[in-house]
1. Considering only segment 142-226, give the helices (runs of 4 or more DSSP H) lying wholly within it that have at least 1 residues that are within 13 Å of ligand 1 (Cβ to nearest atom) and surrounded by fewer than 20 Cβ atoms within 10 Å (Cβ to Cβ).
2. Within segment 173-202, how many residues turn out to be under 15 Å from residue 132 (Cα atoms) and touching a strand residue (DSSP E or B) at 6+ places or on another chain (Cβ under 6 Å)?
3. Need the failing condition index for residue 98 against (1) at pLDDT 95 or above; (2) surrounded by 15 or more Cβ atoms within 10 Å (Cβ to Cβ); (3) out of contact with any helix residue (DSSP H, G or I) (no Cβ under 8 Å at 6 or more places or on another chain); (4) within 25 Å of residue 234 (Cα to Cα), just the number.
4. Taking segment 165-204 only, how many residues are away from ligand 2 (no atom under 16 Å from the Cβ) and either touching a residue at least 60 places away in the same chain (Cβ under 8 Å) or over 16 Å from residue 224 (Cα atoms) (or both)?
5. Looking only at segment 43-63, count every residue that is more than 16 Å from ligand 3 (Cβ to nearest atom) and in contact with a helix residue (DSSP H, G or I) (Cβ under 8 Å, 6 or more places away or on another chain) and tell me the total.
6. Where in segment 24-138 are the helices (runs of 4 or more DSSP H), entirely inside, with at least 1 residues that are within 16 Å of ligand 4 (Cβ to nearest atom)?
7. Return the residue satisfying two criteria in turn: it lies in segment 227-254 and is within 13 Å of ligand 1 (Cβ to nearest atom) and either at pLDDT below 95 or surrounded by fewer than 17 Cβ atoms within 10 Å (Cβ to Cβ) (or both), and of such residues it is farthest from the chain's Cα centre (by Cα).
8. Of all residues in segment 227-238, count the ones that are assigned to a helix (DSSP H, G or I) and within 15 Å of residue 252 (Cα to Cα).
Ligand code: C2E
Ligand code: MG
Ligand code: MG
Ligand code: MG
């Protein structure tokens, strides 16, 4: 690149790159601070059965970063920085510990949910001691293996080494469920999928959006569903925003849905209130 001064001298950093580097460093500092003084928070989004009863059996934990000025940053703003800097290790451990802490509290209170899904990065599974750390967190809170579900994107799973896959297999043997997130956006083939240690396919929001009105999306979704059925995998549709989408997907045989139609990700206290408000009505079958 040529320098912005226009003097023709080569420059390693254009003004744009400089700005990006500054943003990156700021975010790294912000993330370190958050990891040090409790600035991370898990928001939770319910997973709802699409069978008409609308029961909530689990939720997904989605991390947020609280800035000192009160702003709440979504994971898209800092997960990449965490991965590049290696801070993802500490972040993922915090997420797992916090998820276990919430699950144990709900168990002790006799309310809440029995299972949480957490999102993990490729980096995590390539670490020697990640599985041990996970199992230790469960043990610390006297939780069974199936209290946690791991969500990994299709791209992450596709790029995983044999060592990472062996770690997944080990966790699965302990009862943990493994979900392939954002399915349909990567490159998985049938032959590849059937060798993976997974239990759940999460259909990407790109196919779910307006699925009833787009024959191409409906076609792909049908293919995904038949694939999942052949392989004995559970199906979850993410990003459901409209009744018509939910009805269409339920008709095709998708068991579980997640999306703004039911609830946005929310803090724990709000989830408890939401569960209270939705439970009695779903039990009587009214909507
Ligand atoms: P994901 O795991 O695929 O999570 C779904 C994302 O879609 C979430 O965004 C959620 O808020 C959003 N979403 C849910 N329902 C709807 C809907 O009906 N419409 C629309 N438009 N969006 C919906 P979020 O919370 O910003 O998370 C983004 C991504 O960040 C996640 O995608 C996940 O890959 C990653 N992530 C979140 N938490 C963690 C974490 O603790 N660790 C790691 N490594 N990654 C995380
Ligand atoms: Mg996810
Ligand atoms: Mg997803
Ligand atoms: Mg997604």
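1. It comes to 154-158, 205-208.
2. 1
3. Every listed condition holds for residue 98 apart from (4).
4. Number of matching residues: 12.
5. Residues that pass the stated criteria total 7.
6. Filter on segment 24-138 gives 79-85, 122-125.
7. Here the answer is 243.
8. So the answer is 4.
The values are calculated or read from the model by the stated rules, or taken from the named source; none is laboratory data. All values derive from a computational prediction rather than experimental measurement. Cβ: placed from backbone, ideal geometry, glycine included. Neighbour counts: every protein chain shown.
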